[in-house]
Ligand code: NDP
Ligand code: MG
Ligand code: MG
């Protein structure tokens, strides 16, 4: 069973005794920086020249400096900028300011796990990752609750890295809900696998294939959209609340019977064999290398895939249909 840690297991005074730099002020960055501050932690935000989020951070009362200045001032540096640019910012602005006893923190293990960032031996390296988007993390904190988080230590130079990570997690509300101990390897590999095989890749491909099957058989795209995409939310909400059991309790017996007999015809032993291949390519670094090559090569294929799907009948149909649903919010969070 997983090891869980709560408020009583974490000592807030540890992080309150440190100087924290939050590099980046996006989804996670704003939530961490504001909640650290509200927990009585000495925090500054590191943002690059011309940053769009700088004004917002200052408006919210935070002190903003460059990533290099933030890293130089602080002894705990949390990197919360997009994963593909972390290695460059680390080399240029953070590494030159790392001293023995400092701590380098992440919310995702990607760069450390695949060796794009190699911190020096005297530095603690830890991960604190809330299991939810930054806006929820901040809202829960403000309401006196928290989003569950995971924490891991990759390098324990001081011998106190995990206690520091738990203290940080407490300051952003994580231990109010519960913090699960993991490793950089487990966090990174399961995160990549989940988003590729199930959450983003698997779900998009399933929705598209179902939609195309109905439309190619002559059914109206609008009806196919409702069946294959729109209703997915209702089903996933039920699973989220009460697992497969609650979903099956809520749907009709006919739907439940179809679930049992047809599901395994769609996700077959072949699909699972392919999932294992996907996992192997994540574990051996093939995926990470290919993705970084694509990213730094100018995102050609990425943009091709994006444009292709934007033109897909599923997307153009959905765009029109969602206008009929006043309660569906299509704006960015
Ligand atoms: P965002 O994409 O929201 O981060 C954007 C921030 O990074 C902005 O403040 C942006 O500045 C800043 N930024 C961009 N380039 C630079 C640069 N060169 N130097 C300094 N700052 C820069 O990131 P997320 O919050 O989504 O992700 C941060 C980390 O958290 C990642 O490791 C991610 O895997 C992890 N994570 C994310 C979760 C999420 O909910 N999104 C959940 C759990 C983990 P500006 O826009 O002002 O130019
Ligand atoms: Mg991810
Ligand atoms: Mg139905």
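FYI, it's all coordinate maths here, none of it is from the lab. Computed from a predicted structure; not experimentally measured. Using ideal geometry, Cβ is built from the backbone for each residue, glycine included, and neighbour counts are taken over all protein chains shown.
Points worth noting:
- Sequence ranges 301-312, 85-96, ranked by mean other-Cβ count within 10 angstrom, highest first: 85-96, 301-312
- Rounded to the nearest 10 degrees, the inclination of helix 184-193 to the longest alpha-carbon principal axis of the chain is 20 degrees.
- Whole-angstrom gap from segment 84-155 to segment 274-333, using each part's C-alpha centre: 25 Å
- Compared with the direct C-alpha span, the chain from residue 315 to residue 294 gains 5.1 nm at full extension, assuming 0.36 nm per residue.
- Diffusion coefficient of the chain by Stokes-Einstein, Kirkwood radius over Cα pairs, 37 °C, 0.692 mPa s: 148 µm²/s.
- Reference-scaled alpha-carbon Rg (2.2 N^0.38 Å with N residues) for segment 198-333: 1.25
- Entry note, the chain: relative contact order of 15 percent, from Cα contacts under 8 Å with a spacing of 6+ residues.
- Estimated FRET transfer efficiency (residue 220, residue 162; beta-carbon r; R0 51 Å; 0.05): 0.35
- Pairwise FRET efficiency - residue 53 versus residue 249, Cβ, R0 = 35 Å, nearest 0.05: 0.20
- Inter-centroid distance (Cα atoms) of segment 23-77 relative to segment 230-270, Å: 43 Å
- To the nearest ten degrees, helix 286-296 and the longest principal axis of the Cα atoms of the chain are 80 degrees apart.
- Shown here is the pair-distance distribution of segment 4-183: with all Cα-Cα distances grouped in 10 Å bins from zero up to the longest one, the shares run 11, 43, 38, 8, 0 percent.
- Segment 92-225: equivalent-ellipsoid semi-axes (sqrt of 5 x gyration tensor eigenvalues, Cα, Å): 39, 19, 12
- Helix 201-216 and the long axis of the chain differ in direction by around 20°, with both axes built from C-alpha atoms.
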